[in-house]
Amino acid sequence: MKKKLMLLGGSEQQVVAITKAKDLGYYTILCDYLPDNPGKAFADKYYSVSTTDKEKVLQVAISENINGILAYASDPAAPTAAYVAEQLHLPGNPYRSVEILCNKDKYRAFLKSNGFHTPNCKCFDNISEAEDSLKKRKLKFPVIVKPVDSSGSKGVSLINDIDSINPEVLERSFSYSRCKRIIIEEYVEKYGYQIAGDGLSIDGKLVFRYFANDHFDKRSPNPFVPVAASFPYIQPTAIQDKIHGEIQRLLTLLNMSTCTYNFDIRIDKDLNVYLMEIAPRNGGNFIPNVIKHATGVDLVDYSVKAAMGSQVCPPENAIPKGYWSYYTIHSYKSGILKQISISKEYEKCIVESYIVSNPGEYIEEYTGANKKIGCLVMKFDSLDEMLKMMDNSEQWIKVELE
């Protein structure tokens, strides 16, 4: 009888984990509350259950007698996977540690108490208290407002000064929080590009990481949602090793085991490392696909094997080659999609294309990663070409509405 792997989430970018599990010979059980999720067409069995409902997912896991559970590329589902794994004594990471990594208020408090560089912040359960604190200048402007338990930069906003305080901004952030709690933190001015990328730990040791340059679109309705990540990261090896060391210290303190990670990190002008987010899951937007092209390392394979307790060996000869990125196709406005126009000169750079919206369909403005129209995996001839294209996407791609 085949061993059973439960997967939490069946979006377009999560299908790769389902198909990988099947290729490895596992019976796949999918939980996702969205009835139109594409993953159910690939999984062996499907349950219409929310991936954030820990108890219901646990009930399904018990009834199916699963051997492993995986929340691939999903922050909200990662605590559920850790909870179920811990309850059923399956492979996984400590539930408490995953809860810390996936909740910004707990994470910031953990960083501060353990001597990491982290921005000053305050958490709030209602708008009036948040607004009052800002007006009393209890934090230094500018500040960033975030839901404590959301992902994909949904509900994230910048408040530059006391005159810019807007209750609607706070309300929007609250609306994206499942626990109705927000965090307001002092803005960390980055030195160079924000750092993206994925990594892998085996028995708590960070054995692989590949950092990238995060790219943002200032014209976007939410300029804090990344639109691309380009590999390799351009800072010197010494800085990357320093970042690696801080990640390792975090993983050791949290007693993490064998796991894949997605990074959002900043360094300041003094080269202090700010581990803004270390998510205990693979990156979205097909980052593992990009990394496999660039290094040969299959992080999807590792994540599935880790979830099933199979032996995971450190990647060998993972020498990065070439210049790679993902690019998120997005719209500045909501409306009916007419077409996506890409300059023929740059079509050669596209290696994989994942389009989720077709002409004639209604699309929404790009306020969060869940509002993307599609995703491209791209290869470039040079570092300069890659950075120029990712920083100036309006020069080669256009989203036209009717």
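Couple of notes before you dig in:
- A search for C-beta distances below 9 Å between a residue of the stretch 331-345 that is modelled with pLDDT of 95 or more and any residue that is small (G, A, S) and in a strand (DSSP E or B), counting only pairs 6+ apart in sequence or on different chains, returns I340/G374.
- Residue in the stretch 84-92 that is within 27 Å of V15 (Cβ to Cβ), of a type in the set (A, V, I, L, M) and surrounded by fewer than 18 Cβ atoms within 10 Å (Cβ to Cβ) present: yes
- Per-region count, the stretch 42-64, residues of a type in the set (V, I, T), without any contact (Cβ under 8 Å) to a residue 40 or more places away in the chain and touching a strand residue (DSSP E or B) at 6+ places or on another chain (Cβ under 7 Å): 1
- Residue within the stretch 120-130 that is within 18 Å of the chain's Cα centre (by Cα) and among the β-branched types (V, I, T) present: no
- Filter result for I127 (touching a residue at least 60 places away in the same chain (Cβ under 8 Å) and either in the same structural domain as R249 (by TED's automatic domain parsing) or of a type in the set (V, I, T) (or both)): no
Each row is one residue, and each column tells you yes or no for (1) assigned to a loop (DSSP other than H, G, I, E, B); (2) surrounded by fewer than 17 Cβ atoms within 10 Å (Cβ to Cβ); (3) hydroxyl-bearing (S, T, Y).
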position: K138; (1), (2), (3): yes, yes, no
position: S150; (1), (2), (3): yes, no, yes
position: S153; (1), (2), (3): yes, no, yes
position: E168; (1), (2), (3): no, yes, no
position: S173; (1), (2), (3): no, no, yes
position: K180; (1), (2), (3): yes, yes, no
position: I184; (1), (2), (3): no, no, no
position: K218; (1), (2), (3): yes, yes, no
position: P223; (1), (2), (3): yes, yes, no
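- Subset of the stretch 351-370 [without any contact (Cβ under 8 Å) to a residue 40 or more places away in the chain, part of a loop (DSSP other than H, G, I, E, B) and surrounded by 14 or more Cβ atoms within 10 Å (Cβ to Cβ)]: S357, E364
- Criterion (at pLDDT 95 or above, surrounded by 15 or more Cβ atoms within 10 Å (Cβ to Cβ) and part of a loop (DSSP other than H, G, I, E, B)) met by exactly one of I144, I66, I100: I66
The values are calculated or read from the model by the stated rules, or taken from the named source; none is laboratory data. Keep in mind it's a predicted model, so treat the numbers as computed, not measured. A quick note on method: Cβ atoms are made from the backbone with ideal geometry, for glycine too, and the neighbour counts reach across all protein chains shown.
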